[in-house]
Amino acid sequence: MNQLVGQHVLSVDQFDRETLNHIFHVARQMEPYALRQKRTTVLDGAILGNLFFEPSTRTRVSFGTAFNLLGGHVRETTGKQNSALAKGESLFDTARVLSGYSDIIAMRHPDAGSVSEFAKGSRVPVINGGDGANEHPTQALLDLFTIERELAFHGKGIDGLHIAMIGDLRYGRTVHSLSKLLCLFKNITFTLIAPNELSMPQKVLDDIENAGHKWHIVEQIEGSHDADICYQTRIQEERFPSQQEADKFRGKFRLNQAIYTRHFQSKTVIMHPLPRDSRMEANELDNDLNVNPNLAIFRQTDNGVLVRMALFALTLGVENLVQQYDKDVVWFNNKEQG
Ligand code: CP
């Protein structure tokens with residue numbers, strides 16, 4: 001049964017393993033459409049309000065792409081300064097108005113809790129595209145979907161996983177949401193590599209512990225980790241009290257091929273929610289890893305389209321109708337699976 005129809009997607013807390021399996025099952029069915037082998041018009045006439053009040057490249061564009069791939073139309077607002085929020089309009093009023101123009105809304109905002117507040121005024125389902133340092137549920141879903149696929153390649157499942165999370169675990173919302181989702185599985189080990197000032201919030205550590213998993217905190221990438229996944233993050237400089245504070249941590253957690261070889265297994269999968277900060281003073285994920293077959297970052301971004309298509313299909317209740325609206329693709333296409 002589809003429990004997501006008509007629902008908001010605000011936090012990973014609303015998912016159980018059965019729902020995750022259903023989302024991933026639908027996501028896999030979306031692959032021929034994302035690869036342009038087929039197209040569908042199942043959402044012809046539907047409108048996505050894509051509201052991004054904070055910078056984004058892949059989340060915003062992949063939400064729009066996912067909706068277009070299902071045959072729907074996209075209306076976008078980018079930047080707080082270009083909306084009536086800059087004139088003092090409340091999130092409730094903005095939601096009340098824009099939900100009259102849309103069938104579903106995806107939204108990102110710099111304040112924790114803002115997307116839930118917005119959803120209270122919305123007459124259509126709202127999907128959280130990231131609210132401050134709080135949560136990024138669709139990123140966590142695509143990360144988990146990627147982990148499942150990458151581990152399956154090595155003949156493993158998610159139960160028993162060892163994940164090393166590196167960098168800004170305090171302000172990085174993707175690691176908060178992903179950790180909470182992993183709590184639904186069995187026997188997970190978290191190695192949390194961050195300076196004390198950027199350590200994982202106690203609330204997330206409590207969730208991990210209450211779910212019966214193990215965590216270790218280390219301040220540096222040191223020793224040898226038998227991690228299955230190495231999840232690197234960006235220093236979230238926009239969330240620090242000042243640029244000077246953020247600069248203290250820039251470049252502290254570089255990962256390149258030599259460091260990877262020294263500290264990880266030869267099959268450890270390298271992930272990052274992106275964007276990676278490639279400026280010389282940060283260079284947190286070096287370009288020399290681009291040829292490493294375990295670098296999964298662009299498979300993550302491709303998977304994001306599948307997962308977001310699945311969420312749209314499920315929340316709008318068309319997951320079983322997609323193929324009925326199939327059409328041929330008539331233009332040049334040589335896309336391949338990532
Ligand atoms: N991963 C992620 O949220 O990227 P964007 O900020 O580009 O959307």
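The values are calculated or read from the model by the stated rules, or taken from the named source; none is laboratory data. This is a predicted model, so every value here is computed, not measured. Positions of Cβ are generated from backbone atoms using ideal geometry, with glycine treated the same way; all protein chains shown enter the neighbour counts. For the accessible areas, the whole protein counts, side chains as well, though only heavy atoms, and no ligand, DNA or RNA atoms are used. Shrake-Rupley method; radii C 1.70, N 1.55, O 1.52, S 1.80 Å.
For Asp228, the accessible area of its heavy atoms, probed at 1.4 Å with every protein chain present, is near 20 square angstrom.
Taking all protein chains as they are arranged and a probe of 1.4 Å, the heavy atoms of Arg173 leave approximately 20 Å² accessible to solvent.
In the chain, taking the dipole from charged Cβ atoms about the Cα centre, the farthest positive-side position among Leu142, His162, Gly49 is held by Gly49.
Annotation: lysines with alpha-carbon distance below 24 angstrom to Lys87 (same-chain offsets under eight excluded): Lys120. When you restrict to C-alpha pairs under 8 Å that are six or more residues apart and normalise by the size of the stretch 137-298, the relative contact order lands at 22 percent. The GluC sites (Glu not before Pro) found in the stretch 240-338 that occupy coil by DSSP, while having at most 14 further C-beta atoms within 10 Å, are Glu281, Glu336. Database remark: amide H of Ile127 closer than 5 angstrom to the amide H of Val9, Ile105, Ala106, Met107 (H placed geometrically; neighbours at sequence offset of 5 or more, or on other chains; Pro and chain starts carry no H). Cα centroid distance between the stretch 76-100 and the stretch 277-336, in Å? Their Cα centres are 29 Å away from one another. Compactness of the chain, taken as the C-alpha radius of gyration over 2.2 N^0.38 Å, stands at 0.98. In this Cβ point-charge picture (+1 for Lys and Arg, -1 for Asp and Glu), the chain has a dipole of about 560 debye about its Cα centre. Of the residues Ile104, Leu192, Leu20, the one whose Cα sits farthest towards the positive end of the charge dipole of the chain is Ile104 (charges of +1 on Lys and Arg Cβ, -1 on Asp and Glu Cβ, taken about the Cα centre).
Give the cross-link partners of Lys180 among the lysines, using a straight C-alpha distance below 18 Å as the criterion and excluding same-chain residues fewer than 8 apart. The qualifying lysines are Lys203, Lys214. Working note: Karplus 6.51/-1.76/1.60 with θ = phi - 60° gives the stretch 42-59 the couplings 4, 9, 4, x, 7, 10, 9, x, 10, 10, 10, 8, 8, x, 6, 10, 6, 5 Hz, where Gly and Pro are set to x.
Straight-line cross-link partners of Lys38 among the lysines, defined as a Cα under 19 Å from its Cα and at least 8 positions apart when in the same chain: Lys327, Lys335.
Since only Ile235, Thr78, Leu182 are under comparison, the one whose Cα sits farthest along the positive direction of the charge dipole of the chain, derived from C-beta charges on Lys, Arg, Asp and Glu, is Thr78. With a cut-off of 18 Å on the backbone N, the residues of the stretch 290-321 near the modelled label site 7 Å out from Thr261 along Cα-Cβ are 290-295. Shape of the stretch 230-338 from the C-alpha gyration tensor: prolate (a/c of 1.5 or more and a/b above b/c, with a ≥ b ≥ c the square roots of its eigenvalues).
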